[in-house]
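The values are calculated or read from the model by the stated rules, or taken from the named source; none is laboratory data. Fair warning: this is a prediction, and the values are worked out from it, not measured in the lab. Here the Cβ positions follow ideal geometry from the backbone for every residue, glycine too, while neighbour counts run over all protein chains shown.
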Amino acid sequence: MLNVRALYKEFPNDQGETVKAAQDITLEVPEGKLFTMLGPSGCGKTTTLRSIAGLERPTSGEITVDGKLMYSSEKKVFVQPNRRDIGMVFQSYAIWPHMDVFKNTAFPLEVGKKKLSKKQIEEKVLRALHVVALDGLESREATKLSGGQQQRLALARALVMEPKLLLLDEPLSNLDAKLRERMRFELKRLQRDLGITSIYVTHDQSEALALSNQIAVMNAGRIIQIGTPREIYEKPGSQFVADFIGSTNFVEGVVESVVGEGYILAKTKIGLIKAYSAQEPVPGSKVVISIRPENIHVSHERPTDGNVAEGQIDTRIFLGEYVDLQLKVGESLLQARTHPSLRYPAGTQVYLGMDPEKCIALLDAKSPPAEKIVVSKAVS
């Protein structure tokens, strides 16, 4: 449905310096899937989204939607935003405060290039409002809606045009935590039921993991890694990705040997660690091993297989659904996440069990070189 090839966007700032907002962005989004661009502020995700929408003119590259060329620096093509058959939901919702719910939803149809009768407009509006569960609120003033209802109204206005591609720019960021979590389920259901190809921009890792078929993690204007949510979380391709997605422990080490296909043995401050490595570092090279807190199993009994370390519970924090433990292993501090039924007090001597498959060895750098970027075509 969407193909972006070697997209660059550069512009001068107030000091006359060149800002490299997007650098060599290349991605493919299959029809009917939700693709998320995830990264910190200033990483280039919104610039890329606006370039796809036609709200920004890229410096170079190519954008194709449903087989139709929307932008090409080489062929001198630039299709205007209103001719791209794209719906967009902004962070601010951008609903008209002086219009009621019906008129807000109908507005794109009334000003669109395709002339529709009043009956056709009414049918499309009521169908869109039904999809987002705003039935019966057609005559209500937009400003009298709750935050979640306003978000759904903005979505209905984008859907009423039946676009081939739906772009969402951090649409949940203005909602409170509980409403944001509920709206994730709504968006997931809508996208699945309607089958609309969607591009979602966010800096919220939980949002990206919950909603996406595929995620592109971005930093400094570039895509660092593309994969399914599970691949991104469980098999990060760089220290930056591991650190940005969720919580993790980083243990520095030196590779002693390669042990079996895809695994290395590293000497670290917490002992010898067998770890999975997709990057095949050579013996003697420095690595950083990423171990998620939930993958450290704490017990009084020494595990019989896998990586084992001995330590002491330094701090214990009860968080209802789970307990966070800070464990002192030699001079190192590791975080583990356990079930609340585990009631070991601070000061308890314990064993730490770590599955080698869940210990991920990464090159000793914040990001891998370009040729090491992990790209997966799998879709969950």
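Observations on the model:
- Criterion violated by L272 - all others in (1) touching a strand residue (DSSP E or B) at 6+ places or on another chain (Cβ under 7 Å); (2) over 25 Å from I86 (Cα atoms); (3) touching a residue at least 60 places away in the same chain (Cβ under 8 Å); (4) of a type in the set (A, V, I, L, M) satisfied: (3)
- Residue under evaluation E280, criteria (1) touching a helix residue (DSSP H, G or I) at 6+ places or on another chain (Cβ under 8 Å); (2) surrounded by fewer than 16 Cβ atoms within 10 Å (Cβ to Cβ); (3) assigned by TED's automatic domain parsing to the domain that holds M354, criterion not met: (1)
- Subset of segment 38-62 that is hydroxyl-bearing (S, T, Y) and farther than 15 Å from R83 by Cα - its residue that is surrounded by the fewest Cβ atoms within 10 Å (Cβ to Cβ): S41
- Some residue of segment 289-308 being acidic (D, E) and free of Cβ contacts under 8 Å to residues at least 24 places away in the same chain: yes
- Residue selected from segment 323-340 under the condition among the small types (G, A, S) and either in a strand (DSSP E or B) or at pLDDT below 90 (or both), by the criterion nearest to the chain's Cα centre (by Cα): A336
A quick yes/no check of all residues on (1) aliphatic (A, V, I, L, M); (2) in the same structural domain as L175 (by TED's automatic domain parsing); (3) farther than 23 Å from E138 by Cα:
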{"site": "K68", "(1), (2), (3)": "no, yes, yes"}
{"site": "K75", "(1), (2), (3)": "no, yes, yes"}
{"site": "V79", "(1), (2), (3)": "yes, yes, yes"}
{"site": "N82", "(1), (2), (3)": "no, yes, yes"}
{"site": "V89", "(1), (2), (3)": "yes, yes, no"}
{"site": "L109", "(1), (2), (3)": "yes, yes, no"}
{"site": "K118", "(1), (2), (3)": "no, yes, no"}
{"site": "R127", "(1), (2), (3)": "no, yes, no"}
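- Meets criteria (surrounded by fewer than 19 Cβ atoms within 10 Å (Cβ to Cβ), under 17 Å from the mean Cα position of the chain (by Cα) and either on the phi < 0 side of the Ramachandran plot or of a type in the set (G, A, S) (or both)) for A210: yes
- Exactly one residue among G320, G347 is of a type in the set (G, A, S), over 29 Å from E280 (Cβ atoms) and under 27 Å from the mean Cα position of the chain (by Cα), and that residue is G320.
- Count of segment 89-129 residues which are surrounded by fewer than 16 Cβ atoms within 10 Å (Cβ to Cβ) and β-branched (V, I, T): 1
- Within segment 154-178, residues that are assigned to a loop (DSSP other than H, G, I, E, B) sit with their Cβ atoms under 6 Å from residues that are surrounded by fewer than 20 Cβ atoms within 10 Å (Cβ to Cβ) and of a type in the set (G, A, S), at 6+ positions apart or across chains, in these pairs: L175/G147.
- Top-ranked residue in segment 162-184 [being more than 17 Å from the chain's Cα centre (by Cα) and at pLDDT 85 or above; ranked as farthest from E31 (Cα to Cα)]: P163
- The single residue among S139, S92 that is among the small types (G, A, S), free of Cβ contacts under 8 Å to residues at least 40 places away in the same chain and not in a helix (DSSP H, G or I) turns out to be S139.
- Condition met for P368 (closer than 20 Å to Q279 by Cα, of a type outside the set (S, T, N, Q) and at pLDDT 95 or above): no
- Unmet criterion (only one of (1) loosely packed, with under 15 Cβ neighbours inside 10 Å; (2) at pLDDT 90 or above) for S146: (2)
- Look at (1) over 30 Å from M354 (Cβ atoms); (2) under 12 Å from the mean Cα position of the chain (by Cα) and you find that I196 fails only one, number (2).
- When the criteria are applied in full, K115 fails the requirement of being free of Cβ contacts under 8 Å to residues at least 60 places away in the same chain, of a type in the set (K, R) and at positive phi.
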